[in-house]
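The values are calculated or read from the model by the stated rules, or taken from the named source; none is laboratory data. Small disclaimer: the values here were computed from a predicted structure and weren't measured. Virtual Cβ from ideal backbone geometry, glycine too; neighbours counted across all protein chains shown. Side chains included, ligands, DNA and RNA excluded: accessible areas come from the protein's heavy atoms. Shrake-Rupley method; radii C 1.70, N 1.55, O 1.52, S 1.80 Å.
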Amino acid sequence: MKPFLIAFIVCFSLNIIAQPNTDVFLFDLDQSSGKLELSNIKNISNKEGYDNQPSFLDNYTLVFSSTRNGQTDIAQYNLKTGETTWLCNTEGSEYSPIKIPGKKAVSAINLGLDSSQKLYSYSLNDDSSEVLIDNLLIGYHVWQDKNTLFLAILEPDMLSLVEYNLNHHKADRIQRNIGRSLLNIPNSNLISYVSKETPQWEIRSFNPKTNKSSLIAQTLPEIEDLVWLEDGSILMAKDDNIYHLNPKQGKEWVQIANLKESNLHNITRMAISPDGTKLAVVAENTTTLLEPKLDNIAWITGNWKGEAFGGQTEENWSEPSGGSMMATFKLINDGKVTFYEIEIIREVNNTLILQLKHFKTDLTGWEEKDETVDFPLKEITPTKVVFEGMTFEKISDTEMNVYVDIHNKSGEVETVKFNYKKSN
């Protein structure tokens, strides 16, 4: 379950991507003065759980992925009435809904109960749906026309860009190691993607007619979500700030908004309405943050068991006492212990820190005598404790998820999810 275990496994799939407690916020976007101005913020999801991946169907309809009854489904928000309805009632979860060109339908990734990931079409007229692609492990997608898609295909340690023809069911790989943001570039036949082939990530275009990829701009450091404006300029966000860049005029990102006063933090996905007057933003709502006290994370207490790395895992967390919580951890493979850990979370200087040490089966330490692996606290919500590199998420009184950042051999960070059940 821990960072050093990259030697055991590197995996990447929709069902193990960390799902923070995010909301979808809607802003009025005014571009009339030559500046970009945001106003009239509204939380259109406004509930506990995962709300993400917004996409406009038209100027008055927004769809996004949203948690419902323990799974992620497609929510449809009417900007005129403020009403939210649900588009699908299938088994499994839906992610990344977008409009299908020339049809009254949306496409989305369906994560089945059997862990399959298929691209589905969902009708906007009724509850009907159909499978479009079932032979590729798709993470994200964008339509160029009604027969051509560009896909971010999940591979063992990265995403790869693929062009897919629905008529011939033909897939052509374009590039390995890309980000999740696939978009049509306004007023062109080009699509954009984020290349992670270099230490400084790049926003690149791809021309399907010439099969040529071209550099547009460098991203904000380690940021992969972006949105295009009609004039060919780009918005990206980092922390609680939104930045603007016009590649035709320069290379510097300019901050246009700080949303800290709106209690928004960790902005990721964005979407702009076709007429350019509305901006949807995915962010965490800081009004739900709790004080960095052990009493606010006491729900971690207990004996937790799960499966990982081909074996069984067990963690035993004590109740808060003496300014700390303590845990023991072990991994069992083929009936034998692979290693142990001792973990503590303690209150230090008005914050919390998680520290751990690893041990072989004979209790020989992995770290040097005075060395520990440390995870400083970032934030606490009623259902989540976020450390730098490790997150505990409360699902119920008897279930929690732990998300761990793992560094692969190429130096990239991937977030892996582990599910635990509490023993009686």
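Any idea which of Ile300, Ile353, Ile332, Ile272 is in contact with a Ser or Thr (Cβ under 9 Å, 6 or more places away or on another chain) and among the hydrophobic types (A, V, I, L, M, F, W, C)?
Details: Ile300 fails: in contact with a Ser or Thr (Cβ under 9 Å, 6 or more places away or on another chain); Ile353 fails: in contact with a Ser or Thr (Cβ under 9 Å, 6 or more places away or on another chain); Ile272 fails: in contact with a Ser or Thr (Cβ under 9 Å, 6 or more places away or on another chain).
Only one candidate passes the filter, namely Ile332.
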Scanning region 290-307 for residues that are touching a Leu at 6+ places or on another chain (Cβ under 9 Å), within 13 Å of Pro382 (Cβ to Cβ) and of a type in the set (A, V, I, L, M, F, W, C) gives Ile297
In region 333-390, what residues are open to solvent by less than 40 Å² (accessible area, probe 1.4 Å), within 24 Å of the chain's Cα centre (by Cα) and charged (D, E, K, R)? Glu379, Lys384
Checking Ile242 against (1) closer than 28 Å to Thr148 by Cα; (2) part of a strand (DSSP E or B); (3) β-branched (Val, Ile, Thr), which single condition isn't satisfied? (1)
Subset of region 22-42 (residues that are buried (at least 19 other Cβ atoms within 10 Å of the Cβ) and either among the charged types (D, E, K, R) or in contact with a helix residue (DSSP H, G or I) (Cβ under 7 Å, 6 or more places away or on another chain) (or both)): Asp23
Does Leu215 meet the test of being at pLDDT 95 or above and open to solvent by 60 Å² or more (accessible area, probe 1.4 Å)? yes
Tell me, please, whether a residue that is modelled with pLDDT of 90 or more and closer than 24 Å to Pro292 by Cβ can be found in region 406-421. yes
Looking at this structure, is Lys238 under 28 Å from Tyr50 (Cβ atoms) and among the charged types (D, E, K, R)? yes
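Working only within region 83-99, note down all residues that are over 23 Å from Phe25 (Cα atoms) and surrounded by fewer than 19 Cβ atoms within 10 Å (Cβ to Cβ). Outline the logic, then answer.
Here is the first cut: in region 83-99, the residues over 23 Å from Phe25 (Cα atoms) are 89-92.
Scanning region 83-99 gives Asn89, Thr90, Glu91.
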Within region 43-82, which residues are part of a strand (DSSP E or B), farther than 21 Å from Thr381 by Cα, open to solvent by 30 Å² or more (accessible area, probe 1.4 Å) and among the charged types (D, E, K, R)? Asp58
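Does region 279-287 include one or more residues that are touching a Lys or Arg at 6+ places or on another chain (Cβ under 6 Å), touching a residue at least 40 places away in the same chain (Cβ under 8 Å) and crowded, with 19+ Cβ neighbours inside 10 Å?
yes
So is Gly49 in contact with a strand residue (DSSP E or B) (Cβ under 7 Å, 6 or more places away or on another chain) and at pLDDT below 90 or not?
Considered against the rule, which asks whether it is in contact with a strand residue (DSSP E or B) (Cβ under 7 Å, 6 or more places away or on another chain) and at pLDDT below 90, Gly49 comes out as yes.
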Failed criterion for Leu279 (all others in (1) more than 16 Å from Phe56 (Cβ to Cβ); (2) modelled with pLDDT of 95 or more hold): (1)
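Yes or no, residue by residue, for (1) open to solvent by less than 60 Å² (accessible area, probe 1.4 Å); (2) outside any helix (DSSP H, G or I):
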| site | (1), (2) |
| --- | --- |
| Leu235 | yes, yes |
| Gln255 | no, yes |
| Glu261 | no, no |
| Thr268 | yes, yes |
| Pro274 | no, yes |
| Pro292 | yes, yes |
| Asp295 | no, no |
| Ala298 | yes, no |
| Glu314 | yes, yes |
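Collect the residues in region 323-338 that are free of Cβ contacts under 8 Å to residues at least 40 places away in the same chain and within 17 Å of Met390 (Cβ to Cβ), keeping them in residue-number order.
Hits for region 323-338 are Ser324, Met325, Met326, Ala327, Thr328.
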Looking at Leu159, is it in contact (Cβ under 8 Å) with a residue 40 or more places away in the chain, within 15 Å of Ser96 (Cβ to Cβ) and either open to solvent by 40 Å² or more (accessible area, probe 1.4 Å) or in a strand (DSSP E or B) (or both)? yes
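Just to be sure I understand, how many residues within region 175-199 are in a strand (DSSP E or B) and open to solvent by 50 Å² or more (accessible area, probe 1.4 Å)? Break it down stepwise before answering.
Of region 175-199, the ones in a strand (DSSP E or B) are 175-178, 183-184, 191-195.
Pick out the ones that are also open to solvent by 50 Å² or more (accessible area, probe 1.4 Å) and you get 176, 184.
Residues meeting the conditions: 2.
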Go through (1) of a type in the set (Gly, Ala, Ser); (2) at pLDDT below 80; (3) in contact with a strand residue (DSSP E or B) (Cβ under 9 Å, 6 or more places away or on another chain) and name the single condition Ala7 misses. (3)
Can we say Glu367 is of a type in the set (Asp, Glu) and either at pLDDT 95 or above or within 26 Å of Glu307 (Cα to Cα) (or both)? yes
